[in-house]
There are 2 protein chains.
Amino acid sequence: MLTERQLLILQVIVDDFIESAHPVGSRAISKKEDIPYSAATIRNEMADLEEQGYLEKTHSSSGRVPSEKGYRYYVDHLISPSGHAHNGDVISPMIKDGFFEFEQIVQMSAEVLSELTNYTSIILGPELFETKLKQVQLITLSAHTAVAILVTNTGHVEHRSFSIPVEIKSSDLERMVNILNERLHDVPILKLQEIFNTEIAAMMKMYVEDFDRSYNYLKAAFLSDHPVKLYIGGKSNILRQPEFNDVDKIRSFFTMMDKEEEIISLLKHTDHGINVSIGKENEVDAIKDFSLITSSYQLGDGQLGTIALLGPMRMEYKKVISLLNVVSNEMTDALHMWYKNNE
Amino acid sequence: MLTERQLLILQVIVDDFIESAHPVGSRAISKKEDIPYSAATIRNEMADLEEQGYLEKTHSSSGRVPSEKGYRYYVDHLISPSGHAHNGDVISPMIKDGFFEFEQIVQMSAEVLSELTNYTSIILGPELFETKLKQVQLITLSAHTAVAILVTNTGHVEHRSFSIPVEIKSSDLERMVNILNERLHDVPILKLQEIFNTEIAAMMKMYVEDFDRSYNYLKAAFLSDHPVKLYIGGKSNILRQPEFNDVDKIRSFFTMMDKEEEIISLLKHTDHGINVSIGKENEVDAIKDFSLITSSYQLGDGQLGTIALLGPMRMEYKKVISLLNVVSNEMTDALHMWYKNNE
DNA sequence: ATTAGCACTCGCGGCTACTGAGTGCTAACA
DNA sequence: TGTTAGCACTCAGTAGCCGCGAGTGCTAAT
């Protein structure tokens, strides 16, 4: 167990290192305002803290640096819960004015978040199990091409253009779309695939000639592969962090950021509330010396999406956590309003 | 003027440097197959070439490196026009299979292009002066929210969700959409604004109550700010180039790539055909030691879009130029087919 | 006109010395 | 017994030096 004094010292070290990015030594600590102990005392305590795994040295005669365990303890116990509360209203102002496009707001939030922190922000769009299909449109551009448009109750629009093989009659297409609109109205997006394969298939068989082809075409057009949308802000902002002085690090970071699926998998299974993953706690290797802070924003009862900040382990946890709190609440509120309007 | 031999030597130096990224010395050149001269002779010629500004030294006793002028000459005169013709069909295979979504194809082309070259590819979406509005849809999500959807003849879909102030009657909205569909069918996107301000305004005044508000809402919803879309491939691919060993360079590159407008302005005013900008020839400071190779793809008579590769000055010009030729032709063909279908 | 030869230049990798920040430990102190 | 002063030690970082090698420019010979 840690003594009061050790806690104090750990706190000071983490704070200092977060700010300066330099290993912190005993003398520097003993000089601080609220530290009445001598450098030697500090050294003894630091040795203890290191023994217990909360601190590390970068080399045998360097100052101390927090270990992952140290950060973990700091995040769990040493952050004054209320302290440093970010003064509200980060994104609300953007929503105030009449127009209100969901995707735009999310994208802007991501950018603001990144700008405010110099980390990279990631927002996972609304999960779809609360999102329902509102309407299906098929607009033919010509005899052989058409655009299928799906609109959800959240205002999200998904579209795919495709070419129509000559074998398919336009009357059949029309009929199909009618069927779709009838059967799929207010169906949660997530259940789309299922319904497609059962009900719709059955129904269409009755009405539509040359069923097989038409069906497959529509199906492919309507079931998109990426059910969640990813918004990333300030990919390059993070380059301002001093830990990015190594070209290899940059390379591996950016190659990871190019892989959408990987990022999504990172964020997918998040609990409600704020969640911090430090270093190797992250399941993806590529960010094993990053920290990832996630929060969720909600709509009604169901969890909707995830909002996250990715930065070095040496992260301004206090600031980021309260900021993320504020923003996710703001987004929840905004969506709540939106939802109410649409019901 | 340059002698035959000087041309040969210049060519060899540029080729060699492009491949190796190391300054090339006289001895290395004299050893090559098709060089029957001694190192000393080469040295004399190199001194001449340097005097005339085609070569540079990195320091007083280093080998030679092509200067911007050297690259320029190389590109203009030393690239065998037909040589190294890239064996066709880079993206055609992707288009073959039934589905055919324009945006997907462009995005994939960008990625393929970057993967093939290890440079960053940029594709400017179709310019809109050939693109015509096909249909306008207004889908109301609820009493107070709606999605406006515009579909163009190229299959591009633009959408905006907005909230409807209580003052506006839904019957008015409906009427407006009808007017829009009637008047705007087949109108080039570029003329949208103009027509909006004259004809539509006049027409709507006659039919719609509370004209001013409704009008402004629709106008804002329908006139998007970004008339061209940007597709970027392999932003991080370019990190494999050895010139990116400097963190500052990376930083400035990525911060530039975040500014869409800047990139668009880079590519906007391109002639037909292939165009090469080397180093300071580029108007944007941030890429003053990059080369940018652009080509255009077309639809019918009008130029449609630009396709570009951004890399170090030490670029594989031969390969890139022929590759870009092939790809832009392929895209032109693809769009031509598409266009024919839609007419 | 070409080439061989030679002196010279300069970047670079390796070695050494020095400095300064920081530690661990011991012994003295309250 | 907890705290502190003192001291020897460690190590990263920097500067200076040396020698190597790749390359040049120039001169003189072919």
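The values are calculated or read from the model by the stated rules, or taken from the named source; none is laboratory data. Here the structure is a predicted model, which is why all the values come from computation and not from measurement. Note that we place each Cβ from the backbone using ideal geometry, even for glycine, and neighbour counts take in every protein chain shown. Protein only, heavy atoms only, side chains kept; ligands, DNA and RNA dropped before computing areas. Shrake-Rupley method; radii C 1.70, N 1.55, O 1.52, S 1.80 Å.
Take region A:108-161 and flag every residue that is charged (D, E, K, R), surrounded by 20 or more Cβ atoms within 10 Å (Cβ to Cβ) and not in a strand (DSSP E or B). Across region A:108-161, the qualifying residue is only A:E130. For A:S265, the criteria (1) under 27 Å from B:D258 (Cβ atoms); (2) modelled with pLDDT of 90 or more hold in every case but one, which is (2).
Taking the numbered list (1) facing chain A (nearest Cβ under 7 Å); (2) under 32 Å from the mean Cα position of the chain (by Cα); (3) at pLDDT below 75 in turn, B:S142 passes all entries but (2). Can you run down the residue pairs with Cβ atoms below 9 Å, 6 or more apart or on separate chains, where the first is in region B:33-47 and more than 14 Å from chain A (Cβ to nearest Cβ) and the partner is open to solvent by 40 Å² or more (accessible area, probe 1.4 Å) and within 6 Å of DNA strand C (Cβ to nearest atom)? From region B:33-47, the pairs are B:E45/B:Y37.
Scanning region A:32-82 for residues that are within 16 Å of DNA strand D (Cβ to nearest atom), under 20 Å from A:G311 (Cβ atoms) and among the polar types (S, T, N, Q) yields a single hit, A:T58.
B:V276 meets each of the listed conditions (1) more than 10 Å from chain A (Cβ to nearest Cβ); (2) surrounded by fewer than 16 Cβ atoms within 10 Å (Cβ to Cβ) apart from (2). Scanning region B:268-293 for residues that are within 14 Å of B:I122 (Cβ to Cβ) and touching a Gly at 6+ places or on another chain (Cβ under 9 Å) yields B:I287, B:F290, B:S291, B:L292, B:I293. Scanning region B:35-62 for residues that are open to solvent by 100 Å² or more (accessible area, probe 1.4 Å) and either more than 11 Å from DNA strand C (Cβ to nearest atom) or of a type in the set (S, T, Y) (or both) returns B:E51, B:S60.
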